[in-house]
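> This is the structure, below, for whatever I ask next.
The values are calculated or read from the model by the stated rules, or taken from the named source; none is laboratory data. As the structure is a prediction and not an experimental result, all values here were calculated from the model. Here the Cβ is made from the backbone with ideal geometry for all residues, glycine too, and neighbour counts use every protein chain on show. We work out accessible area using only protein heavy atoms, side chains counted, and drop any ligands, DNA or RNA first. Shrake-Rupley method; radii C 1.70, N 1.55, O 1.52, S 1.80 Å.
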Amino acid sequence: MKLTTTGILTKIAAFLVVSARAVNGQCPDVPAIVQSLSLGGTYCYLQSVDPRRADLFATVLAKAFEIDPTYGFILHCLEDLLGSFEIGTPRAVCNDGKTELAMFSKVVSTIIPLNSDAWGVNNGTVETDVAWGVPMCKSALCNTEVFNQVLTETWSDFFDLVDADWRNFGFKAIATYAPTAECVYDQIDIPVNNPELYCSGDNAPVCNNIRLAEITLGDDAPFEVAICDDNNCLASLGASDVVGYYANGARGRDPFCIVIEGENDNFMARFQETSAKISDKAFNLSNYCSAAAASKRTGRCEPPTDAPVTLQPVIPPTVSPVVVTKAPVRMTSAPVPAQVPVPAPLPAVSAPKKRKKSKKGKSREESFFN
């Protein structure tokens with residue numbers, strides 16, 4: 001059985017960032033936290049659409065207040081978090097001095113057998129990293145530690161609404177990390193999906209601190225992929241294996257397989273755990289771009305015997321950012337913030353799957369954006 005987060009943006013957006021139109025009269029059993037924040041109208045509307053939406057809304061508010069009773073998260077984080085589900089693209093241009101983030105949660109399970117070949121095991125526990133897949137424009141006033149803790153504590157509540165098997169298989173979040181989107185996408189995602197990127201001469205991106213990541217596929221010998229560690233990118237990832245996440249085919253394609261001519265996706269024939277660790281070895285351009293080194297990074301899967309095979313260059317994705325021009329709601333006073341934002345529903349999107357790969361299918365985890 002696959003664990004998915006299919007349509008997470010549509011579902012979570014619908015659960016949290018739906019229209020806050022007024023509801024005539026009062027709905028029953030409005031939680032005290034909702035009443036205290038004068039958000040009863042929003043709660044009642046959500047209740048009328050789907051009680052689960054109202055429950056999640058109340059849960060996030062209650063957990064945020066429990067972690068930060070000074071209303072800091074509600075005043076300085078909640079608006080931008082909800083707004084992130086409104087954007088609908090993988091990247092955003094943040095205004096007002098805000099920083100674009102990419103959130104990851106590390107989740108563990110005590111139910112899945114440790115000898116499963118579909119999941120990674122660390123210190124006797126099955127674990128994996130799950131990307132939230134939404135661009136978050138974070139204000140400097142939003143406390144990073146509190147923000148990460150709220151997302152960790154409410155991860156199960158968010159993902160329950162997308163696929164109950166996350167909880168059924170015993171997964172829970174133990175940590176959340178929010179590195180910058182530039183770090184995740186520009187410095188890790190793009191180089192991992194284009195291992196020869198820094199061998200492209202004048203077209204290579206500028207990076208002042210190129211590091212080597214040792215990628216291991218199953219029991220194979222590791223090989224090296226160059227990534228960028230400017231602005232302490234790797235340190236900001238915490239314990240999350242973001243490099244391994246993208247090396248495992250997070251965008252639905254395997255960066256290290258032979259590309260089949262005429263096919264949209266790479267042929268995936270391996271059933272191997274993918275992991276990555278950062279090497280202490282210094283980056284040397286000549287050595288890295290040698291034919292011998294490049295051959296270790298390509299052709300890692302066997303193509304079908306009846307299909308013609310050609311090696312194709314991996315082209316970095318082109319992402320068109322959107323500009324966040326105005327936050328839906330400006331919360332300026334406590335303890336009674338304004339009503340919740342009012343975005344339109346978003347289109348369905350893809351989501352993570354378990355690590356095991358089919359012979360010609362998607363990897364365990366994908367971007368929430370196709």
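> Can you give the accessible area per residue of segment 33-112, in Å², using a 1.4 Å probe?
34
> Can you give the log10 of the normalised intensity I(q)/I(0) at q = 0.30 Å⁻¹, computed with Debye over equal Cα scatterers of segment 40-100?
Values returned for q = 0.30 Å⁻¹ are -1.16.
> Ignoring ligands, DNA and RNA, please state the percent of accessible area on segment 49-145 from carbon and sulfur, probe 1.4 Å.
Using a 1.4 Å probe with all protein chains present, segment 49-145 comes out at 50 percent carbon and sulfur.
> Please label the shape of segment 196-257 as rounded, prolate or oblate, based on the square roots a ≥ b ≥ c of the eigenvalues of the alpha-carbon gyration tensor (a/c under 1.5 means rounded; beyond that, a/b larger than b/c means prolate, else oblate).
oblate
> Once fully extended, how much extra length lies between L285 and L141, figured as 0.36 nm per residue of separation less the alpha-carbon to alpha-carbon distance?
Fully extending the segment from L285 to L141 adds 47.8 nm.
> Using a Förster radius of 51 Å, what is the FRET efficiency between S48 and D220 based on their Cβ-Cβ separation? Nearest 0.05, please.
0.40
> Okay, moving on. On a straight-distance basis, which aspartates and glutamates could pair with K296 in a cross-link, Cα separation under 14 angstrom, same-chain partners fewer than 8 positions away excluded?
E196, E214, D220, E224
> Let me ask something additional. Among the listed pairs K106/K277; K63/K98; K63/K106; K98/K281; K172/K277, which are separated by more than 27 Å between their Cα atoms?
Over 27 Å Cα-Cα: K98/K281.
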